[in-house]
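Enquirer: This structure is in structure tokens; I'll ask about it shortly.
The values are calculated or read from the model by the stated rules, or taken from the named source; none is laboratory data. Quantities reported herein were computed from a predicted structural model and do not represent experimental measurements. Glycine also receives a Cβ, built like all others from the backbone with ideal geometry; neighbour counts cover every protein chain displayed.
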Amino acid sequence: MKGKPWTVEEENKLRKLLSEGVSIDSIAAQLGKSRESVAMKASRLGLDVVVTKPKVTTTSIKLPDKLPSVEDALRILAAALQASSQPGLSKDDVMRLQAVATLARTYKQLLADYVNYRQIEAKLLEMEEKYARLLREKGAKSADNAS
């Protein structure tokens, strides 16, 4: 099935965007064409399509000094939700937003677990102190009874 013919202006815009290193997905969104249509047109025009993906390594991830709150995670999730409703998102944009949503949900759950563990730890320390105090009191009463 053949789509709508390309105009000269669209071809010129395609050349310009490719020379600027814009992704095929982004170009397709801007021109209102499919990714395949853009790739085929670029090939027919003899244009080079360079696919570059940013490299993310664990060394480029900076650990925060302070854990974000659940409210912060919800704000990030809300921003991703708003961004996902924008027209003309590329496949990469959608995938990135899905990753943000998944990470926000995962963070919320892990943070809840962390808070629960901290509460359990605090309760355990409180009980240990109470037990030590009871032992001291019992030892003191035993000493008083022995004298």
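Enquirer: Since Asp92 meets every condition but one in (1) surrounded by 10 or more Cβ atoms within 10 Å (Cβ to Cβ); (2) over 28 Å from Asn116 (Cα atoms); (3) out of contact with any helix residue (DSSP H, G or I) (no Cβ under 6 Å at 6 or more places or on another chain), which condition does it not meet?
Expert: Checking Asp92 against (1) surrounded by 10 or more Cβ atoms within 10 Å (Cβ to Cβ); (2) over 28 Å from Asn116 (Cα atoms); (3) out of contact with any helix residue (DSSP H, G or I) (no Cβ under 6 Å at 6 or more places or on another chain), the one that fails is (3).
Enquirer: Restrict the check to segment 33-43 and report whether at least one residue is assigned to a loop (DSSP other than H, G, I, E, B) and either modelled with pLDDT of 85 or more or under 28 Å from the mean Cα position of the chain (by Cα) (or both).
Expert: The answer is yes, given that some residue of segment 33-43 is assigned to a loop (DSSP other than H, G, I, E, B) and either modelled with pLDDT of 85 or more or under 28 Å from the mean Cα position of the chain (by Cα) (or both).
Enquirer: Also, I was wondering about something else. Name the residue, out of Leu81, Leu89, Leu47, that is in a helix (DSSP H, G or I) and either touching a Pro at 6+ places or on another chain (Cβ under 8 Å) or modelled with pLDDT of 80 or more (or both).
Expert: Leu81
Enquirer: Please go through (1) at pLDDT below 85; (2) touching a helix residue (DSSP H, G or I) at 6+ places or on another chain (Cβ under 6 Å) for Leu17 and return the number of the only condition it doesn't satisfy.
Expert: Checking Leu17 against (1) at pLDDT below 85; (2) touching a helix residue (DSSP H, G or I) at 6+ places or on another chain (Cβ under 6 Å), the one that fails is (1).
Enquirer: Return only the number of the condition from (1) modelled with pLDDT under 80; (2) within 17 Å of the chain's Cα centre (by Cα) that Ala112 does not satisfy.
Expert: (2)
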